[in-house]
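Asks: This structure is in structure tokens; I'll ask about it shortly.
Just so it is clear, none of the values below were taken in a lab; they were calculated from the coordinates. Computed from a predicted model, the values in this text were never measured in an experiment. A quick note on method: Cβ atoms are made from the backbone with ideal geometry, for glycine too, and the neighbour counts reach across all protein chains shown.
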Amino acid sequence: MKWAFNKNYKTQLISEHKGDEAGIKSSTIKIEGEYIYGFLKSETGIHRLVRISPFDSGARRHTSFASV
């Protein structure tokens, strides 16, 4: 939503489901604006973020996924 806000697109949070312990398990966002389909059509699929959490004393890698 931050990307859309910075580009002056209209956004609407349709639904949001919180995770069991923290974070967001799933959400549905509506984005409206000129050429928005063209900007976002190449983003379809699964996105993976791998990082070392600063809160994990074992310095293990944590993986998060997002489906567009």
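Asks: Determine which residues of segment 8-34 fall in the zone a paramagnetic label at PHE55 would reach in this model, i.e. backbone nitrogen under 17 Å from the point 7 Å along Cα→Cβ.
Replies: Within reach of a label on PHE55: 18-26.
Asks: Modelled label-to-label distance, HIS17 and TYR35, 7 Å Cα→beta-carbon offset: nm?
Replies: Each label point is offset 7 Å from its Cα along the Cβ direction, giving 3.5 nm.
Asks: To the nearest 0.05, how large is the calculated FRET efficiency for SER26 and TRP3 if R₀ is 25 Å and r is the Cβ-Cβ distance?
Replies: Working from the Cβ atoms, E equals 0.85.
Asks: Moving to a separate point now. What number of lysine-lysine pairs in the chain show an alpha-carbon separation below 22 angstrom, given a sequence spacing of 8 or more or placement on distinct chains?
Replies: Value for the chain: 11.
Asks: Taking only the alpha-carbon atoms of the chain, what semi-axes of the equivalent ellipsoid follow from 5 times the gyration tensor eigenvalues under a square root, in whole Å, largest first?
Replies: Working from the Cα gyration tensor, I get semi-axes of 28, 15, 11 Å.
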